[in-house]
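Just so you know, all these numbers are worked out from the coordinates, no wet-lab data involved. Since this is a predicted model, take the numbers as computed values, not measurements. Ideal geometry is used to build each Cβ from the backbone, glycine not excepted, and the neighbour counts take in all protein chains shown.
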Amino acid sequence: MNTASGCEEDSAEHGCRRHLGAIAALCSVSSFAPQALKIIRTGNTEGLSVAMYALTVSGFGLWLMYGIIQSQWPLIATNASCFALSLLILIMLLSPAARRRAAGIAESKVGD
């Protein structure tokens, strides 16, 4: 019998859930990579919210702890990756050196 998700029940349902989880994990990790790479490359964090990234880091940290408590490696791996990327962005947002670097890049572009 097919479920609403189009997956067959029993063992196939487990496989469908696993694939769904893998796709969700890939999307979560991939969503932070472009922003983190851009910040590393340019040092520019203008327009990013410290409060949003602080909350995001907290959420990923809590999901990571939950995964550890549950001994669920997919939760651990995904949330550890997202935690690290979002923490990097938060550190760059709070870093005076990153702000100075971004200001220097902006000033050099204006002077060109």
Inside the stretch 65-86, the number of residues satisfying the requirement of being surrounded by fewer than 17 Cβ atoms within 10 Å (Cβ to Cβ) and in a helix (DSSP H, G or I) is 9
Residue list for the stretch 65-92, restricted to those being in contact (Cβ under 8 Å) with a residue 24 or more places away in the chain and not polar (S, T, N, Q) = Pro74, Ala77, Cys82, Phe83, Leu85, Leu87, Leu88, Ile89, Leu90, Met92
Subset of the stretch 50-64 that is surrounded by 12 or more Cβ atoms within 10 Å (Cβ to Cβ) and free of Cβ contacts under 8 Å to residues at least 12 places away in the same chain - its residue that is farthest from Ala77 (Cα to Cα) | Met52
